[in-house]
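Notes follow once the structure below has been shown.
The values are calculated or read from the model by the stated rules, or taken from the named source; none is laboratory data. Source: prediction; values computed, not measured. Cβ atoms come from the backbone with ideal geometry, glycine included; neighbour counts cover every protein chain shown. Heavy atoms of the whole protein, side chains included, go into the accessibility calculation; ligands, DNA and RNA do not. Shrake-Rupley method; radii C 1.70, N 1.55, O 1.52, S 1.80 Å.
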Amino acid sequence: MKRNFKIMVFTSLFFAITIVLIIAEYYKFKDFVFLLKPLLIPSLCLVYITTSTKKSTWYLVALFFAFLSNVFLLYSDSQFLLYGILAFLIYRLVSIYVIIRNGDSVYLVPIVLASIPFLFIFSYLIYIMVSPDNPSFYATIINDVIISIFCGIGLSNYVMNDNKQNSWLLISTLLFTFLVILFMFDKFYLSFQIFKPISALVFSLAHYAFLMFMVEAKN
């Protein structure tokens, strides 16, 4: 009962931070945003540590780089934007390694086929939004290739083996896809205030869905 109570408390804390952050983003309460956004990943770590009976060190490493990315992207400076993209790139690479270690068997041909639609989407967005002169141009290309592979793994695993853990993985990958699209619009094309609260919601749900994949995989 004590463990279940801790899970409930930390899960409630994570979503409470998410809700307040969404409100702060919508009404432009910058002080609250700077305070709460870096707390999302640490609160998610608490949920994972109390929920999972078998901990993955690599997943915690991935969350560390997700935390760094979150902090860097609080700033509008192009240099911090580059650091944020690079930290997210490392997070995504480690996440792919975590899926390979903990998920179903990975097959190359289904992953390639499943990754192609995502590559087309992100390539087109880069073409119309990101100038080659932008300091983040090449990091964005590499990042979008990696996120396409990540999404391809999630989609191919679900198609080949429709179980609970792969359902959570597919939900996470689709949410992360939407998050990257929102990010590219906001940073490189047209920035609307509504993007920020939506991004906060999608970010939290995507990370929580991936956490549930990890819990199911370990179980």
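Points worth noting:
- For segment 76-105, the set of residues classified as of a type in the set (A, V, I, L, M, F, W, C) and surrounded by fewer than 14 Cβ atoms within 10 Å (Cβ to Cβ) consists of I100 only.
- Every pair of residues 6+ apart whose Cβ atoms lie under 6 Å, when the first sits in segment 186-202 and is farther than 14 Å from I17 by Cα while the second is outside any helix (DSSP H, G or I): F188/V130
- For segment 124-144, a residue qualifies if it is of a type in the set (G, A, S) and under 19 Å from the mean Cα position of the chain (by Cα), and the qualifying residues are S136, A139.
- Only helices (runs of 4 or more DSSP H) whose full extent lies in segment 27-121 are considered here, and the ones with at least 2 residues that are free of Cβ contacts under 8 Å to residues at least 40 places away in the same chain and either in contact with a strand residue (DSSP E or B) (Cβ under 9 Å, 6 or more places away or on another chain) or under 28 Å from Y158 (Cα atoms) (or both) are 40-51, 57-72, 78-102.
- Residue count for segment 201-219, restricted to those that are farther than 21 Å from Y158 by Cα, open to solvent by less than 10 Å² (accessible area, probe 1.4 Å) and not polar (S, T, N, Q): 0
- Residues satisfying the stated conditions in segment 160-176, i.e. surrounded by fewer than 20 Cβ atoms within 10 Å (Cβ to Cβ) and among the hydroxyl-bearing types (S, T, Y): S167
- Within segment 19-69, the set of residues being surrounded by 16 or more Cβ atoms within 10 Å (Cβ to Cβ), among the hydrophobic types (A, V, I, L, M, F, W, C) and closer than 16 Å to S199 by Cα comprises V20, L21, I22, A24, V33, L36, L39, L40, I41, A66, F67.
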